[in-house]
Structure formats: structure tokens, C-alpha cells
Amino acid sequence: MEWRLLRGLPDEAARQVLASARRRRFAAREVLFHEGDPAGGMHLLAKGRVCMRVTTPAGDVATLELFVPGDVFGEMALLSPGAVRSATAVALEATETLVIDEPTFTELRRRHPSVTEILVQLLGARVRRLNDRLLEALYVPADTRVMRRLFEVADLYGDVVPLTQDDLAGLAGTTRATVNRVLRREEKGGAVVLGRRRMQVVDRAALARRAR
């Protein structure tokens, strides 16, 4: 497994960092950490997929991002002493992470400045994605956002996407009712087949056309 945050490190340094990490295992739908929790470490995702969610002032839940093996998350809270988690991380399936605590992370950045440079690049890319999602929420119809997110997660999972309609609604920034309506329409058209806690993509070309 190659983690983007450790790219460019000498092999021995990377091995030392990984050896100091604590392996954690989570069941599907289990919370890795809650919004508002003290920041105990950053996670290197070794297996499974994790979504990051926040609670809006109105009490709704919005999904900010989906992480896959090789990704790093939870590092932002380690950049400020005493910071707390800004979002809730939930395992979408059986998941394993390697947790690096704050002292190890601080020492890693001190000894290898390239880690900070890579971190800035990762955070910059994450901000750009969030900006894109914000513009979508403001100017792109909800039906199109649902199709775009479904097309994207199909690229991650393959033709069988083990997400619920609530998961997809969070990623698209809309309601479950809207997602259900859109998916039922696509099922009638033969593009998808709906099942319990999963969606099977049958016609990717059709999804791609309607995701534009």
C-alpha cells in the first residue's frame, strides 16, 4: 500500500512511521471519530472506504468526502494544538486504518519537510473539491448532482456500489427522496438495478450522459 502523504520519504523513514502507527479495525457503519472529539491522530486508510460527514445548523447531515485506500484523513485537526474534529468519520464497509499520533506526526514533519509540502498539496486539492461541490449545490440541479455522484462512486467501487440512498444523498447534497426518485427513474430506463444497501450500474454510458 502506498500512502500519498509518505511519497518521497526514504524507505527507512516510511517504515519507521508505519511501525509506530496503531492499527485500528472498524465494522461497516461504525464511527471512527465524532465531530467535536479531541484530535487523537490522523488515519492512513489501508482497507475499506470512509465518508466524512458534518451536521448542519438545521440538524441535517451532509457528506463532505469519500476516502479510499491510500488516502489520509484526520490530519487537519493535528495542525493546531488542542483542536477538535471538524467532522464525523464513518466506515462504509469493513475498514482498517493506521493511526499516527500527534507527537509522531509533528516529528515526521520536523525531520522531513517534504511531508509538509505534500500535506499542503493534499489540503489544497481537498479545498478545490469542496469549492466545486459548493458551486454545484448552488447552480447544478439536484438530479444532475445525484447522477454525477453515482457515476463517480461507480468508478471507485465498480458496477456494484454498496452504498445506501442516504449515503448517495449526502454526497449529492440533496434529500433521500430526491435520490430515490432519480434512481427509480434510472431503474425503469435500465441504467441501474436497486437492491438493499446497494446499487448495480448496468449502463455506465447512460449515467455519463445524464451526469453532464
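Residues that are open to solvent by 10 Å² or more (accessible area, probe 1.4 Å) and in contact (Cβ under 8 Å) with a residue 12 or more places away in the chain within region 185-197 comprise Gly189, Gly190, Arg197, listed in sequence order. Selection of first residues in region 1-18 that are at positive phi and of second residues that are in a helix (DSSP H, G or I) and open to solvent by less than 60 Å² (accessible area, probe 1.4 Å), restricted to Cβ pairs under 9 Å at least 6 apart or on distinct chains, gives the following pairs, ordered by first then second residue: Gly8/Ser114; Gly8/Val115; Gly8/Ile118. Taken as a whole, region 52-67 holds no residue that is in contact with a helix residue (DSSP H, G or I) (Cβ under 6 Å, 6 or more places away or on another chain), under 26 Å from Glu136 (Cα atoms) and modelled with pLDDT of 85 or more.
The values are calculated or read from the model by the stated rules, or taken from the named source; none is laboratory data. Because the structure is predicted, anything quoted here is derived from the model rather than measured. So basically every Cβ, Gly included, is an ideal-geometry build from the backbone, and we count neighbours across all protein chains shown. Each accessible area value is taken on the protein alone, full model and side chains, heavy atoms only, with ligands, DNA and RNA left out. Shrake-Rupley method; radii C 1.70, N 1.55, O 1.52, S 1.80 Å.
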